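The values are calculated or read from the model by the stated rules, or taken from the named source; none is laboratory data. Just so you know, these numbers come straight off a predicted model, no measurement behind them. With ideal geometry, Cβ positions are generated from the backbone for all residues, glycine too; neighbour counts draw on all protein chains shown. All accessible areas refer to the heavy atoms of the entire protein, side chains included, with ligands and DNA or RNA removed. Shrake-Rupley method; radii C 1.70, N 1.55, O 1.52, S 1.80 Å.
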Amino acid sequence: MHSFDYAAPDSVSAAVSLLAANPGARLLAGGTDLIVQMRAHRREPGLVVDAKRIPELSALTFDSGGGLTLGAAVACWRIYGDAQVRAVFPSLVEVASLIGGTAIQGRASIGGNLCNAAPSADATPLLIALGATCRVVGPAGERAIAAEDFCVAPGRNALADGELLVSIHIPAPRPGSGAHYLRFIPRNEMDIAVAGAGVSLTIADGVVTAARVALASVAPTPLLVPEAGQAIAGKPATEETFALAGEAAKAAAKPITDMRGTIEYRRHLCAVLTRRALTAAARQAQGVH
Amino acid sequence: MSSNVRVSTTVNGEPAEFLCEPRESLLECLRDKLNLTGAKEGCNDGNCGACTVEMDGRIVTSCLVLGVEAQGASIGTVEGLARGSALHPLQTAFLEQAALQCGICTPGFLVAAKALLDHEPDPSEDRIRFWLATTLGRCTGYDKIIRAVQQAAREMREVKA
Ligand SMILES: Cc1cc2nc3c(=O)[nH]c(=O)nc-3n(C[C@H](O)[C@H](O)[C@H](O)COP(=O)(O)OP(=O)(O)OC[C@H]3O[C@@H](n4cnc5c(N)ncnc54)[C@H](O)[C@@H]3O)c2cc1C
Ligand code: FES
């Protein structure tokens, strides 16, 4: 690895000062992307700023309305280790349980997954589907970025110089709602998604009232597909309806062919994964297990 | 050129100190500065699990941890499993089940399995397989390893009961 300096500030403002004074500096959460990239000389920051001693980035809190504020550096194991998160956001627990394996989940954070801006990031489509917003602080103050606007290109996020992601807010699930993320990998564990679909939906009296669908690994960034949600709003919550959303996802996907799969294969997967994820989310919404 | 940092940490329950550059991994620090060579370097990118250690009660791949991050942390390595000459039940079970051949992956499997049994004394076979999926082995096949973990779990539960 190249030589770099290391700092472990204990406040957001100290971290912002360090980032602003050292262009190219990178924040270190779990390091499961950053350290791999530094070792491969794909990123060579002069300063690495450890996020894990900043209380706000390590906090996991529910607000009075039942929404979740997830500190950007909270590791996956803390998400599935939290009884309240398990009860309120089972889909988040599932995603935290499928990133890498146990040892990776001992370090990897959802914030890091988002900030790393990989097209294949597994947590990001679910965050988009859940309507998450990102709280960002920088030298010019604070702003909120919708999860679907956070990634701008492969490996590039919307943060400006000196800015960092403090937390991710996920609104409380509405009554009658469910969410799910499904990916396709050739192995059972420890692999990168060939395609993935994160979905959420709300059902009232057997009818879909709202739905959001976002895809992984089929575009330069994780992709929100508004057409998929629109295609099924107002329709009965059935497999046939969910297949319509699948077709809309397939039409919106812009994949490439690489060693993991062809364009045709990935587009087909989008249809299947979207339909199946919606079916699973609907079961959750209707309390069927 | 960044300078050396002094790191104070706890390894296998004992205080430990070392000097390292920020770019040195915890794996390098354990092996080259503290002479704890149980954790192995396989892939050096988080995929093989040969470098698995416990850090503050969770398993991590120490090739993806900076040595400087160990400041104030509590680290557990395979060297900390046995009590003097008394092997940990997992170590005994690995020997009895012939759950190793070349042994390179074994410290990772032992540390990962110990963490599982510390958290969950009675895991299902499925649970053991998924928990250990972060550790790769190539000579023994996984069945004997799984059987050894099941045997150790049984024995540890009996001792407790
Ligand atoms: C063996 C292995 C298996 C993996 N499997 C999966 C998988 O199945 N699915 C998957 O999606 N990913 C996987 N990954 C990738 C990685 O583990 C995840 O993307 C993880 O969520 C990254 O989180 P982290 O906390 O380790 O991020 P870090 O590596 O600490 O950070 C990632 C990037 O985001 C930046 N960053 C981090 N936090 C902030 C912040 N608060 N503000 C601004 N910038 C920030 C960092 O500077 C860095 O560029 C795997 C990695 C490995 C090594
Ligand atoms: S050497 Fe660390 S996971 Fe392979």
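Here are some notes:
- Residues that are open to solvent by 10 Å² or more (accessible area, probe 1.4 Å), more than 7 Å from ligand 2 (Cβ to nearest atom) and closer than 19 Å to B:Thr106 by Cα within segment B:47-75 comprise B:Glu54, B:Met55, B:Arg58, listed in sequence order.
- Of the residues making up segment A:77-96, not a single one is in a loop (DSSP other than H, G, I, E, B), in contact (Cβ under 8 Å) with a residue 12 or more places away in the chain and near ligand 1 (Cβ under 8 Å from one of its atoms).
- Residues in segment B:55-68 that are away from ligand 1 (no atom under 11 Å from the Cβ), part of a helix (DSSP H, G or I) and at the interface with another protein chain (Cβ under 8 Å from one of its Cβ atoms): 1 in all.
- The lone exception for B:Val78 - which of (1) touching a Pro at 6+ places or on another chain (Cβ under 6 Å); (2) within 23 Å of B:Asn47 (Cα to Cα); (3) open to solvent by 80 Å² or more (accessible area, probe 1.4 Å) it fails: (3)
- The set of residues from segment A:268-289 being among the aliphatic types (A, V, I, L, M), over 13 Å from A:Lys250 (Cα atoms) and either within 20 Å of the chain's Cα centre (by Cα) or open to solvent by less than 10 Å² (accessible area, probe 1.4 Å) (or both) comprises A:Ala277, A:Leu278, A:Ala280, A:Ala281, A:Ala282.
- Per-region count, segment B:28-54, residues more than 12 Å from ligand 1 (Cβ to nearest atom) and not in a helix (DSSP H, G or I): 11
- Against the conditions (1) hydroxyl-bearing (Ser, Thr, Tyr); (2) closer than 25 Å to A:Ala285 by Cβ; (3) within 14 Å of chain B (Cβ to nearest Cβ), A:Thr133 satisfies every one except (3).
- Any hit, segment A:67-78, residues being over 24 Å from A:Gly162 (Cβ atoms), of a type outside the set (Lys, Arg) and touching a helix residue (DSSP H, G or I) at 6+ places or on another chain (Cβ under 6 Å): yes
- Per-region count, segment A:98-109, residues more than 6 Å from ligand 1 (Cβ to nearest atom) and touching a Cys at 6+ places or on another chain (Cβ under 7 Å): 1
- Qualifying residue in segment A:186-193 (condition: at pLDDT 95 or above and either away from chain B (no Cβ under 14 Å) or open to solvent by 30 Å² or more (accessible area, probe 1.4 Å) (or both)): no
- Look at (1) of a type in the set (A, V, I, L, M, F, W, C); (2) open to solvent by 30 Å² or more (accessible area, probe 1.4 Å); (3) part of a strand (DSSP E or B) and you find that A:Val199 fails only one, number (2).
- Selection of segment B:63-79 for residues being more than 15 Å from B:Val7 (Cβ to Cβ) and either over 15 Å from the mean Cα position of the chain (by Cα) or among the aliphatic types (A, V, I, L, M) (or both) yields B:Leu64, B:Val78.
- All of B:Thr140, B:Thr135 fail the test of being out of contact with any Asp or Glu (no Cβ under 9 Å at 6 or more places or on another chain), β-branched (Val, Ile, Thr) and within 14 Å of chain A (Cβ to nearest Cβ), apart from B:Thr135.
- Within segment B:69-82, being in contact (Cβ under 8 Å) with a residue 12 or more places away in the chain and either in a loop (DSSP other than H, G, I, E, B) or within 7 Å of chain A (Cβ to nearest Cβ) (or both) holds for B:Glu69, B:Gln71, B:Gly72, B:Ala73, B:Thr77, B:Leu81.
- Qualifying residues in segment A:49-78 (those that are hydrophobic (A, V, I, L, M, F, W, C) and touching an Asp or Glu at 6+ places or on another chain (Cβ under 7 Å)) - the one least open to solvent (accessible area, probe 1.4 Å): A:Ile54
- Residue match in segment A:35-48 (condition: more than 27 Å from A:Asp191 (Cβ to Cβ), at pLDDT 95 or above and facing chain B (nearest Cβ under 8 Å)): yes
- Qualifying residue in segment A:110-127 (condition: away from ligand 2 (no atom under 16 Å from the Cβ), touching a residue at least 40 places away in the same chain (Cβ under 8 Å), over 30 Å from B:Ile59 (Cα atoms) and not aromatic (Phe, Trp, Tyr)): no
- Residues considered: A:Ser11, A:Ser3. Of these, the only one that is touching an Asp or Glu at 6+ places or on another chain (Cβ under 9 Å) and free of Cβ contacts under 8 Å to residues at least 24 places away in the same chain is A:Ser3.
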